[in-house]
Amino acid sequence: MKNLVADVSGIVQGVGFRYFVEQTAVQLGVDARADNMDDGTVHIVASGDEQRLLRLVELLRQGSRYSSVDHVDYTITDRCA
């Protein structure tokens, strides 16, 4: 199991992006939480299999129907016990 921390910039607030993240995570079998930040980004914390987390990052880059993703900054680390 690995942890993912990601910050997504672009038009990602007020367009259903957090819902998209959470639904995509469920479909991938990943636990995830997405929060709007004051600077207009969405901050995501997720845990799961590394390959599934990498797939989540790919889908974050594509974005949802009404979002426009400029950049995804992320790190994947070993999950702490």
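Points worth noting:
- Hits in the range 26-69 - residues which are within 19 Å of N3 (Cβ to Cβ), part of a strand (DSSP E or B) and among the β-branched types (V, I, T): V42, I44, V45
- For the condition loosely packed, with under 12 Cβ neighbours inside 10 Å, out of contact with any strand residue (DSSP E or B) (no Cβ under 9 Å at 6 or more places or on another chain), in a helix (DSSP H, G or I) and modelled with pLDDT of 95 or more, Q23 does not qualify.
- Residue in the range 39-56 that is modelled with pLDDT of 95 or more, touching an Asp or Glu at 6+ places or on another chain (Cβ under 7 Å) and of a type in the set (K, R) present: no
The values are calculated or read from the model by the stated rules, or taken from the named source; none is laboratory data. Computed from a predicted model, the values in this text were never measured in an experiment. Note that each Cβ is placed from the backbone with ideal geometry, even for glycine, and that neighbours are counted across all protein chains shown.
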